[in-house]
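Trainee: This structure is in structure tokens; I'll ask about it shortly.
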Amino acid sequence: MKIRRDFLFFCQIVSIISLIEIASCSSPVSTSQTPPFPDEFYEIVQVGDYRIPFHCLGQGEPTIILENGDNFVPWDDNTLKRFADLGRVCFYRRVGYLEEPPEVRTVKDQIHDLHNLLTIVKVPGPYILVGVSRGGLHLLLFAQEYPEEVAGLVFIESQPPTYYSLLEQRFGQENEDDPDWVKQFRSDITIGWDYTELREKIDVLESTNQAMEVTDLGDIPMVVLVAGDELDWNDDWEKIVADSWLEAQTSLSQLSENSRIEIV
């Protein structure tokens, strides 16, 4: 699925995050005596063998963590300024942004990086995690590994782990009359996109399989945002893609007892 960068207005995201903040108000907040976290924080943090830029703005809990999509988009410093009225908002650049890892990694490696980063910096939890595109896989795996530290999840046109398997089933066997883009798409979802050439060196298929193992997130508050114009189609092939995308998003929303799906 092509990453879209103009799919949602910030005011819509803000309203959904506010909804999750209300829903998660009963989440436990640490009462340990720690120094107050600064109103603005920026530092390149050493996490294991890698340096990770980390920037926070604002005050208030739960802390909102913004998880990027592929190639570290779309969050940036301007996003922090627009979200800061909600409370403390943070984003980071994953391993690969400053220096490339020597070996292929998975999303599970990356969520361990994030957890270690939050522990080192001592940014207060619990956290509302907001993810776009492949960032949705990060949200699922973080919530599975550290459920007690998650106050809520916001998925924005995120990649549901079941999406590729649905497409593989519905595209069926190749036919010489198929459109070229369908042939390429079928090849991609069968063999796999080669993301290992990008700076993050992520095995997307293995990471998707890891996220497929997340089958129950209990009652963690969740909102799944889907762009309405992605549901339109011009022919039968595009209808297969659109229907599979919506079905996968619906399945994603069913992982928690306390969730909703919004078409915007």
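The values are calculated or read from the model by the stated rules, or taken from the named source; none is laboratory data. Just so we're clear, the structure is a prediction, and the values are computed from it rather than from any experiment. All Cβ positions, glycine included, derive from the backbone under ideal geometry; neighbour counts span all protein chains shown. Side chains are part of the model used for accessible areas, which takes the heavy atoms of the whole protein and leaves out ligands, DNA and RNA. Shrake-Rupley method; radii C 1.70, N 1.55, O 1.52, S 1.80 Å.
Trainee: Report ³J(HN,Hα) in whole Hz for each residue of the range 117-133, in order, from the Karplus equation J = 6.51 cos²θ - 1.76 cosθ + 1.60 where θ = phi - 60°; Gly and Pro get x.
Mentor: Using θ = phi - 60°, the values come out as 4, 4, 5, 5, 6, 6, 6, x, x, x, 10, 9, 9, 10, x, 10, 6 Hz.
Trainee: Also: When we measure straight from the Cα of K122, which lysines land under 22 angstrom away, once same-chain ones fewer than 8 places off are left out?
Mentor: Partners within reach: K81, K108.
Trainee: So if each residue of separation counts as 0.36 nm, and I subtract the Cα-Cα distance between V104 and I44, what length gain in nm does that give?
Mentor: 19.3 nm
Trainee: Roughly how many nanometres apart are two label points built 7 Å out from the Cα toward the Cβ at D180 and D85?
Mentor: It is 4.8 nm.
Trainee: What FRET efficiency comes out for D77 versus R260 if R0 is 41 angstrom and r is the Cβ-Cβ distance? Round to the nearest 0.05.
Mentor: On the way: r = 30 Å, r/R0 = 0.73.
So, using R0 = 41 Å, E works out to roughly 0.85.
Trainee: Collect residues whose amide H, placed 1.01 Å from N in the peptide plane, falls under 5 Å from the amide H of R105; neighbours closer than 5 in sequence don't count.
Mentor: I202, D203
Trainee: Might you tell me the accessible area per residue for the range 113-178, computed with a 1.4 Å probe and given in Å²?
Mentor: 34 Å²
Trainee: Counting only residues 5 or more places away or on other chains, whose amide H sits under 5 Å from the amide H of V45 once H atoms are built in the peptide plane?
Mentor: I52, F54
Trainee: Oh, and also: Could you grab the relative contact order for the range 50-169? Cα pairs under 8 Å, six or more apart, rounded to a whole percent. Don't skip to the answer; put the middle values down first.
Mentor: Numbers: 201 pairs, mean separation 35.1, N = 120.
Reported relative contact order: 29 percent.
Trainee: Here's something else I'd like to know. What are the aspartates and glutamates whose alpha-carbon lies under 13 Å from the alpha-carbon of K201, with same-chain residues fewer than 8 places away excluded?
Mentor: Those aspartates and glutamates meeting the cut-off are D70, E99, E100, E103, D109.
Trainee: Could you pull out every one of the lysines with an alpha carbon less than 29 Å from that of K239, ignoring same-chain neighbours closer than 8 positions?
Mentor: K2, K183
Trainee: Right, here's the next one. E168 to N116: extension gain in nm, 0.36 nm per residue of separation minus the Cα-Cα distance?
Mentor: 15.1 nm
Trainee: At what distance in nm do the modelled label points of E247 and E213 sit from each other, each positioned 7 Å from its Cα along Cα→Cβ?
Mentor: The two pseudo-label positions are separated by 2.6 nm.
Trainee: Could you rank the peptides 241-251, 43-53 by their average count of other C-beta atoms within 10 Å per residue, with the highest value first?
Mentor: Working: 241-251: 18.0, 43-53: 14.7.
Going by the mean number of other Cβ atoms within 10 Å, highest first, we get 241-251, 43-53.
Trainee: Separate question: Beta carbons within 10 angstrom, averaged per residue: use that to sort the peptides 213-226, 56-69, highest first.
Mentor: Per-residue mean Cβ counts within 10 Å order the peptides as 56-69, 213-226.
Trainee: Sort the following peptides by mean Cβ neighbour count (other Cβ atoms within 10 Å, averaged over residues), highest first: 127-138, 76-87, 169-180.
Mentor: Taking the mean over residues of other Cβ atoms within 10 Å, the ranking is 127-138, 76-87, 169-180.
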